[in-house]
Amino acid sequence: MRVVLGEDLVLLRDGLIRLLQAHDCEVVEAVDTGPDLLRAMVDHRPDVAVVDVRLPPTFTDEGLRAAIEARKRVPGLPVLVLSQYVEHLYARELLSDRAGGVGYLLKDRVSDVRQFVDAIRRVAAGGTAMDPEVIDQLLARSGRDRPLATLTPREREVLSLMAEGRSNAAIAGRLFVTEKAIGKHIANIFGKLDLPLSEDDNRRVLAVLAYLDRV
């Protein structure tokens with residue numbers, strides 16, 4: 001898997017390179033500024049780009065802007081954005097094209113190597129990987145929405161895991177139930193939220209995230 005990496009902190013960048021290489025990833029270029037990141041993503045068209053939100057020269061949101069611009073130039077280019085803090089507006093902008101192949105994780109998640117690598121592979125495959133804290137914020141902000149209030153505690157748990165981008169099998173494994181049981185929960189959730197049910201995992205994730213973002 002070919003990766004472009006955008007990170008300005010030398011120690012973290014070197015650590016990420018070693019981590020990625022240890023998991024059969026080829027880092028085709030590692031850069032430390034927004035303009036260089038945009039160039040590298042467009043030139044290399046990697047299987048996935050791993051991007052810090054804040055990059056020089058202004059350390060605001062250059063990484064995010066470069067990722068969004070790169071996806072305009074190369075539609076569907078998979079991008080996993082890393083951020084020091086939760087900011088659901090960043091997630092909203094990433095998801096605005098409804099194309100999938102995007103992820104938003106807190107940098108702290110990098111320490112959980114299995115979870116981090118799983119997120120990279122999910123995004124590279126065209127899926128979605130959203131940080132649990134982003135989902136928690138969206139659910140808290142949407143807590144008074146009437147349809148959401150009708151969900152059972154188990155359905156909210158399934159909804160949260162689904163919004164993170166997890167498949168039925170992954171949710172079933174996390175909750176120690178069968179995939180059939182998860183399928184029933186998802187059908188109930190989509191019925192209560194009046195969302196069109198799809199067999200495609202990523203379409204379901206995007207539908208749920210779009211719903212949470214608008215209520």
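The values are calculated or read from the model by the stated rules, or taken from the named source; none is laboratory data. Values in this document were obtained by computation on a predicted structure and should not be read as measured data. For neighbour counting, all protein chains shown are included, and Cβ atoms are generated from backbone atoms with ideal geometry for every residue, glycine included. The area values use the complete protein model at the heavy-atom level, side chains included, leaving out ligands, DNA and RNA. Shrake-Rupley method; radii C 1.70, N 1.55, O 1.52, S 1.80 Å.
Points to keep in mind about this one:
- For region 116-134, the condition of being over 13 Å from the mean Cα position of the chain (by Cα) and part of a helix (DSSP H, G or I) holds for none of the residues.
- Selected residue (only one of G183, G191, G126, G173 is in the same structural domain as H23 (by the TED database), farther than 21 Å from D52 by Cβ, open to solvent by 10 Å² or more (accessible area, probe 1.4 Å) and modelled with pLDDT of 90 or more): G126
- Of all residue pairs spaced 6 or more apart or on separate chains, those with beta-carbon atoms under 9 Å, a first member in region 77-90 that is touching a residue at least 12 places away in the same chain (Cβ under 8 Å) and within 14 Å of G63 (Cβ to Cβ) and a second member that is charged (D, E, K, R) and in a strand (DSSP E or B) are V81/D52; L82/D52; S83/D52; Q84/D52.
- Out of L20, L12, L105, L38, one residue alone is of a type in the set (A, V, I, L, M, F, W, C), under 26 Å from R204 (Cα atoms) and in contact with a helix residue (DSSP H, G or I) (Cβ under 9 Å, 6 or more places away or on another chain). It is L105.
- V113 meets each of the listed conditions (1) at negative phi; (2) loosely packed, with under 14 Cβ neighbours inside 10 Å; (3) free of Cβ contacts under 8 Å to residues at least 60 places away in the same chain apart from (3).
- Restricted to region 139-215, the set of helices (runs of 4 or more DSSP H) holding at least 2 residues that are more than 21 Å from G103 (Cβ to Cβ), in contact (Cβ under 8 Å) with a residue 12 or more places away in the chain and of a type in the set (A, V, I, L, M) comprises 179-193.
- A49 being over 20 Å from the mean Cα position of the chain (by Cα) and either among the aliphatic types (A, V, I, L, M) or outside the structural domain of R114 (by the TED database) (or both): no
- Among the candidates E62, E7, the residue that is over 23 Å from V205 (Cβ atoms), in the same structural domain as G127 (by the TED database), in contact (Cβ under 8 Å) with a residue 60 or more places away in the chain and in contact with a Gly (Cβ under 9 Å, 6 or more places away or on another chain) is uniquely E7.
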